[in-house]
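Just so it is clear, none of the values below were taken in a lab; they were calculated from the coordinates. Keep in mind it's a predicted model, so treat the numbers as computed, not measured. A quick note on method: Cβ atoms are made from the backbone with ideal geometry, for glycine too, and the neighbour counts reach across all protein chains shown.
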Amino acid sequence: MSQIAPIPSVTTTGEPLAGAPARKQNLLDLDRAGLERFFEETLGEKRYRAHQVMKWIHHRYVTDFDGMTDLGKPLRAKLQQHAEVVVPNVVFDKPSADGTHKWLLSMGADGKNAIETVYIPDKTRGTLCVSSQVGCALNCQFCSTATQGFNRNLSTAEIIGQVWVAARHLGNVPAQIRRLTNVVMMGMGEPLANFDNVVRAMSIMRDDLGYGLASKRVTLSTAGMVPMIDRLSTESDVSLAVSLHAAQDELRSQLVPLNKKYPVEQLMAACARYLKASPKRDSITFEYTLMKGVNDQPEHARSLARLMRQFGNQMQSREAGKVNLIPFNPFPGTRYERSDEAQIRAFQKILLDAQVLTMVRRTRGDDIDAACGQLKGQVMDRTRRQAEFNRQLREQGLGDAAA
Ligand code: SAH
């Protein structure tokens, strides 16, 4: 794996290695396969040792090798020399009146950038909303993260580290004390624009030696990066949510500029391919943020209903597309407003009458600015980074996402 610093002169006897590596490997950057390779190829140890260490980290929240008491002393010394477990730094954490909890975590050695992670408990589950980037480059008009610009992708360690911080705080013990039952990649950033790190982190979330979540309970939300939806389809079985916000191209291109590159028809075709590729996947959630006078009129609901019916027919299942209505969450400086309650109900009714499964996602944690689209963190040095990100996107043939 490219992330592992090659360490020469591995002994096969399990003896401590001579000479320190240039850089210690952060074990939080590795999923099970990567950790097994690190133990076998770099440390010259048996792979089951990797499993023991994974449990120490993700089940018992131990990051100090000396605390990993079922490892022999020589192995602990070897680990100390070649590896480390670096978790995100909590800048502050804030409980909300309704049980929602938000963490501001600093990212990187300089501590200048920070991202937000939110825990949302309800009767039957505990959902963690995880960030994938510092800021976001997609520039969706109604999203607070967009106003922050883009700085960089988070590493695997920084993504799974958010789960680690929350799970430890909650006293979560996988398969025993289940405080954390779902993860949604719906925090700051576009997860499919940070593909490898997000997929690796989601693999740790779903691993029994990690957080033991069923694939269905890990949801990736995308603004619609079509080629990456296809790539995800071959690499992961997680649930997919798609930020639609308008069923017609003209309006959607205004709200989600990425639509100019991947219009609605192409997006829906990618969604169909995602479902068809695996029998384990039965539906896709379409998120639709309701903004007063912008996309909340009866004609918008009817055109969304038509799109969902078409999708249902194509998939031969009325339940293939589910709609999640999100009343707009305001933030300082936005020109948008939340739709009135009556308008939200009327919008939902048009969809329900057309037999489209439609839920309204009720805002939680808004007293601590923890609702969808309100996550801001702290994004430094964003202009240069944004240009660099757009250059990388062009290289991948994806054009300027934020154009
Ligand atoms: N980049 C990913 C994850 C974003 S956040 C994506 O686009 O899907 C999760 C959801 O919140 C998205 O559907 C996003 O469009 C929506 N959202 C963003 N800002 C919002 C706001 N101010 N109010 C309500 N929903 C918002």
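A few points about this structure:
- Expected-Rg normalisation [2.2 N^0.38 Å, Cα atoms] applied to region 171-249: 1.17
- For region 152-191, the residues whose backbone nitrogen is under 19 Å from a point 7 Å from the Cα of residue 64, taken along Cα to Cβ, are 165, 168-169.
- Of 23, 217, the sequence from fewest to most neighbouring Cβ atoms within 10 angstrom is 23, 217.
- Shape call, region 25-84: gyration tensor on alpha carbons, a/c limit 1.5: rounded
- Note on residue 280: lysines with a C-alpha under 22 Å away, same-chain residues under 8 apart excluded, are 216, 322.
- Cα point-scatterer Debye curve for region 32-175, base-10 log of I(q)/I(0) at q = 0.12 Å⁻¹: -0.61
- Amide H within-cut-off set for residue 83, under 5 Å, with H built and near neighbours excluded: 25
- Residues whose amide H comes within less than 5 Å of that of residue 179, counting only those at least five positions distant or on another chain, are 173 (H built at 1.01 Å from N in the peptide plane).
- Packing here is the average count of other Cβ atoms within 10 Å per residue, and on that basis the peptides 348-354, 120-126, highest first, run 348-354, 120-126.
- Gap separating the Cα centres of region 243-278 and region 188-225, nearest whole Å: 20 Å
- Reduced Cα scattering model of region 89-392, Debye log10 I(q)/I(0), q = 0.12 Å⁻¹: -0.76
- The distance from the alpha carbon centre of region 311-335 to that of region 103-152 is 21 Å, rounded to a whole number.
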